[in-house]
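The structure appears right after this line, and notes come after that.
What follows draws every value from the coordinates through simple rules; no lab data is involved. As the structure is a computational prediction, the values presented were derived from the model and not from experiment. All Cβ positions, even for glycine, are placed from backbone atoms using ideal geometry, and neighbour counts span all protein chains on display.
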Amino acid sequence: MSDRSVHIVLDSFLPLLQAGIAYTVPLTLISFALGIALAFVTALVRIIGKGPLDWLARFYVWIIRGTPLLVQLFIIFYGLPSIGLTIDAFTAAVIGFSISVGAYGSEIFRAAIRSIQKGQWEAAYSIGMTRWQALRRVIVPQAIRVSIPPLSNSFISLVKDTSLAATVTVTELFQKAQQITAVVYEPLLLYSEAAVVYLLFSTILSALQSRLEKRYDRFVAH
């Protein structure tokens, strides 16, 4: 690596890291939190709901899972202004990522709830619990534990997916790499460095995921 390349890497690392901390991390955390809440509600509607609500939940999951996230972001940020709904870039990205997490997360929650043995429901009913009480006090706590690994993987994937926010002008990590590349004309170097920063964030989150899984694993009989 030439002296110029070393100089570019050293000078660009801090701006890339700052963009990741200022935009990528908050975008990930906010979108994931909202998405998980939406996923949980959607899963419950699909399990215990009937009629229009159940149909609406199914339609939501179907359309979000069946279309590219990039297209969804473009519709929200570039498409909605044509009907008078103008949303700032960061908010548009949050909405796009949240509804995506919600659709995929709802299937994770639904599968986790369905995986709980029927005997758990029967035991809850036998002590006088209603269906809702059994779900809230017995089934959901167990389902959450089961869903932690796949949800953690979704969270880590979301960190990488936030790079798509650059397409709607959010100055996150990848957008910052593009801006620096336009000045120094070293695309391979800058994009590789951006990949390293993403890898750094993902590695830290993977370590936290492992600790969380081990913590909940202590309550599981082996």
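General observations
- The residues neighbouring Ala22, those whose beta-carbon lies less than 11 Å from its own, together hold a net charge of 0 under the Lys/Arg +1, Asp/Glu -1 convention.
- Only helical runs count toward this figure. For the chain, summing -39,500 (n - 2.57) over DSSP H runs of n ≥ 4 and dividing by all residues gives -25000 deg cm²/dmol at 222 nm.
- About the centre of its Cα atoms, the chain shows a dipole size close to 1240 debye [charges on the beta carbon of Lys, Arg (+1) and Asp, Glu (-1) only; nearest 20 debye].
- Positive-end residue of Ile63, Ile76, Ala92, charge dipole of region 3-217 with Cβ unit charges: Ile63
- Relative to the longest principal axis of the Cα atoms of the chain, the long axis of helix 25-48 lies at roughly 20 degrees.
- Option label - percent of Cα pairs over 27 Å apart computed here, alternatives [x] 45; [y] 38; [z] 31: [x]
- Summing charges over neighbours of Tyr104, with a neighbour being any other residue whose Cβ is under 13 Å away from its Cβ, gives 0 when K and R count +1 and D and E count -1.
- Between 0 and 90°, nearest 10: helix 89-115 axis offset from the chain longest Cα axis: 40
- Cα-based helix-to-principal-axis angle, 52-65 vs the chain, degrees rounded to 10: 30
- For a straight C-alpha distance cut-off of 16 angstrom, no lysines are reachable from Lys214 once same-chain residues fewer than eight places away are disregarded.
- Residue order, fewest to most surrounding Cβ atoms within 10 angstrom, among Arg46, Arg114: Arg114, Arg46
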